[in-house]
Amino acid sequence: MIRYIFMRVLTMIPTLVLISILVFLIIELPPGDFFESHIAELQALGEDADLAEIEMLRERYGFDQPQVIRYLNWAGGMLTGDFGYSFEYRLPVNEVVGDRLWLTIVLSVLTILFTWALAFPIGIYSATHQYSWGDYGLTFLGLIGIAVPNFMLALVMMYFANTWFGISIGNLMDRQYLNEPLSWEKVQSILSHIWIPVVIIGMAGTAGMVRRLRANLLDELDKQYVVTAKAKGLHPKKVLRKYPLRMALNFFVSDIGSILPAMISGAEVTAIVLSLETTGPMLIRALQSQDMYLAGSFLMFLAFLTVIGVLISDIALAFLDPRIRLGAGSSK
Amino acid sequence: MSNTQNALPEPGAPMGHFVSDLPFDPNEGEAQNSAQARFAQASQRQLMWWQFRKHKVAYWCGVFLFLMYATVFISEFLAPYHQDTRNSDVIYSPPQPVHLFHEGAFIGPFVYGRDQTLDMETLRRVYTDDLTDVQPLRFFCQGDSYDFWGVIPGNFHLMCPAKGGEAFLLGTDRLGRDVLSRTIYGARISLTIGILGVTLSFVLGIVIGGLAGYHGGWFDAVTQRVIEVLQSIPSIPLWMALAAIIPVTWSPILVYIGITVILGMLDWTGLARAVRSKLLSLREEDYVLAARLMGAKSGRIIGRHMVPGFMSHLIATATLTIPAMILGETALSFLGIGLRAPISSWGILLTEARSVNIIALYPWLLFPVVPVILVILAFNFLGDGLRDAADPYK
């Protein structure tokens, strides 16, 4: 088991290196750099650019050096927790980002838990009551969840929360806690706000998961060992719990790997619409102003989150199913 | 002859026997044992088609999508107005319902003319129907002039408002542009971007996945890693980053191509994986070995023997990835980093409904989300049906 985890973590490293190269290429892609567009902007406004300061920043962040060195600086900095410098805010990225990374993680974890809590019972119900009205109804609801774009759902929910309950559901916490250190009141405020984005983001993921869980479970229910168990007179509930459910559980854990990227995508878009204090709004702002270090760090962070999520789901899977941890060495 | 039938023939003479004059078909018995024989003799393509026809929902979704795509060719003709026509005196007009009966008498589809007043308290324009002003809709008529596909000038429409009147069946936006017409024009961009993007990722997926699956070795290892990397970066932020890089100075058409390429370039991974795993299993089949022993080159083996074996699966998989692209384009445009205005796509139209206030005051601006949802649902059902049909022997 330890050997498996070790190998699994090792294979993660080249993936992360490749991701960081890709992200760095994206950072470098726009013609010119932030300074050029910044100077142009200032000149358009008729102000003098502080050329000395800009020249200093340029040197400090190695913009006069070749790309390979810049990449090594950037990637090396990230390893030591230095994510570069946000040129727009004129602060290190670490300070600009602040709580946002943590809130993104909290939001993602809660969304996954929500998805699980919802998808598991619904999937089982749909599979065991195949072609019943309940199955059709739930399938239809799920399809709606897949088809309605996240941002629309967010907007519409915002509207209904406003007209029906008179509450404003934007943001993740009440305004007065924004720059406060963590306190019990702040946590409460966050908890009272966070469920709405969790529901919105979890919707599409839940729908997809129910669909796949149902298909998977249906496959299992048709297998001969289930028939045998039933023929021997085992109670149907017990058959379900002892055999097919365990098989489905496997899939259930590994499926996180496939819905996680989509979920984080959805979270970003939803966060922008609801103006949550997570990475989404800041990412898009950074992209629009070509503050590429900030944007790059966010991209890297989101990818990292996904890779870690998949890693955790893989390890959990190995705990659940001995076949995986034993077969891993030869098949991969 | 009949009287000698039972008698023995003369010695040495040939024995007479009865031959019926009725038409005879040796396969008659089997052929008329209809369903089974038809099934046994049908080609694989035919079997798939039958299987697909059985999936009623998927079939009708296919028809629906076909019609939607057909409108793309004649958007200018179908839309009552040109997408850019601004009716500056009727901004934020609510949808005008179509009536058939006026004061109990049937006069065909018409709308009532309207009076406009400004609510001095909320500064909203209030439109009230003028029940004496009947404006029958005209069909196959001359209306706004347009350049068909940007080339051929014309002014022929399927439906236009009465002369001097107006008919905004789905209301107007902040510049007084007809939402219905803009949605019809928007289909052109939103629908084609999905198809073009999938075509691109399809080609990439087959070529890259095919090479990886057939040759294996270092190429396979590298491809697997790259796919893993691309799949572990959440797609929308990545699309956002790449879309943000497209220079502002590009013309709308270039931006359109750029966005399509971005969507397609990052989406081939799933298809490539499917191709690779299929190839890996097909590679061990006897008929592939036979082809190789007869000296076929690997290109021929892949193209002639293996690809037909899983093409149907691939098409089904590709169909299921189109919705993600359409949603991706919509989300990017909605956030303001995808396509840009003069072009109108459903995502761009939805940017008009960006805030809660707008939704509360002018809910009809949300209409373009309806075709988005319908098309995505239809593609999902169609893909499911195709996937079932892809394996007709099951």
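Return a whole-number percent for the relative contact order of chain B, with Cα pairs under 8 Å and 6 or more residues apart as the contact set.
So the answer I get is 20 percent.
Can I get the semi-axes of segment A:100-288's equivalent ellipsoid? Compute them from the C-alpha gyration tensor as square roots of 5 times the eigenvalues, in angstrom, largest first.
So the equivalent ellipsoid measures 38, 17, 15 Å along its semi-axes.
Rounded to the nearest 20 Debye, what is the dipole magnitude of the protein assembly as shown about its Cα centre when Lys and Arg each give +1 and Asp and Glu each give -1 at the C-beta?
Its charge dipole is roughly 2960 debye.
By its C-alpha gyration tensor, with a ≥ b ≥ c as the square roots of the eigenvalues, how is segment B:96-167 shaped: rounded for a/c under 1.5, else prolate for a/b larger than b/c, else oblate?
Since a/c reaches 1.5 but b/c is at least a/b, the shape of segment B:96-167 is classed as oblate.
What's the angle, to the nearest 10 degrees (0 to 90), between helix B:307-335's Cα axis and the longest principal axis of chain B?
Compared with the principal axis, the helix lies near 10 degrees.
What distance in nm separates the two pseudo spin-label positions at B:N87 and A:L72, each 7 Å out from Cα along the beta-carbon direction?
Each label point lies 7 Å from its Cα, and together they span 6.7 nm.
A 31 angstrom limit on the alpha carbon distance is what I want to check against. Which of A:K242/B:K56; A:K237/B:K56; B:K56/B:K278 exceed it?
Pairs exceeding the cut-off: A:K242/B:K56; A:K237/B:K56.
Which longest uninterrupted range of chain B lacks any GluC sites (Glu not before Pro) assigned by DSSP to a loop state (not H, G, I, E or B) and surrounded by at most 15 other Cβ atoms within 10 Å?
Between exposed loop sites, the widest span is B:122-283.
Inverting the mean 1/r over all pairs of different Cα atoms, compute the Kirkwood radius of segment B:181-389 and quote it in Å.
Evaluated over segment B:181-389, this radius sits at 18.7 Å.
If you wrap a convex hull around the alpha carbons of the protein assembly as shown, what volume per residue comes out, as a whole number of Å³?
Per-residue hull volume (Cα only) is 326 Å³.
Loop-only check: which trypsin sites (Lys or Arg not before Pro) in segment B:272-353 are DSSP coil with at most 11 other Cβ within 10 angstrom?
Loop-located and lightly packed - B:K297.
Name the residue farthest towards the positive end of the dipole of the protein assembly as shown from the options A:A229, B:W250, B:Q231, assuming +1 on Cβ of Lys and Arg, -1 on Cβ of Asp and Glu, about the Cα centre.
Selected residue: A:A229.
For B:Y59 and B:M311, compute 0.36 nm times the residue count separating them, minus their Cα-Cα distance, and round to one decimal in nm.
Answer, rounded to one decimal: 88.8 nm.
About the Cα centre of chain B, how large is the charge dipole given +1 on each Lys and Arg Cβ and -1 on each Asp and Glu Cβ? Please answer in debye to the nearest 20.
Computed charge dipole of chain B: roughly 1220 debye.
So which trypsin sites (Lys or Arg not before Pro) in segment B:110-203 end up in coil per DSSP with only 15 or fewer other C-beta atoms within 10 Å?
B:K163, B:R174
Let me know the Rg and Dmax you get for chain B when you use only its Cα atoms, in Å.
Both quantities, over Cα of chain B: 31.0, 123 Å.
What is the mean number of Cβ atoms from other protein chains located within 10 Å of the Cβ atom of each residue in peptide B:353-360, rounded to a whole number?
Mean shielding by partner chains, rounded to a whole number: 5.
State to the nearest 20 debye the size of the charge dipole of segment B:220-321 about its Cα centre, where the only charges are +1 on K and R beta carbons and -1 on D and E beta carbons.
I would put it at about 280 debye.
Set Lys and Arg Cβ to +1 and Asp and Glu Cβ to -1, take the dipole of chain B about its Cα centre, and tell me which of B:M294, B:L8, B:V63 lies farthest positive.
Towards the positive end, the residue furthest out is B:M294.
Sort B:142-148, B:319-325 by the packing proxy (mean of other Cβ within 10 Å over each peptide's residues), most packed first.
Ranking, from highest mean packing down: B:319-325, B:142-148.
Quick one: which of B:191-198, B:359-366 comes out on top by average Cβ neighbours within 10 Å, and what's the full order, highest first?
Put in order of decreasing packing, that is B:191-198, B:359-366.
Using alpha carbon centroids, what distance separates segment B:204-272 and segment A:87-118, in Å?
If we compute the Cα centre of each part, the gap is 26 Å.
The numbers here are math on the coordinates, done by the rules we state, and not lab data. Predicted, not measured: the structure shown is a model, and the values here were computed from it. All Cβ positions, even for glycine, are placed from backbone atoms using ideal geometry, and neighbour counts span all protein chains on display.
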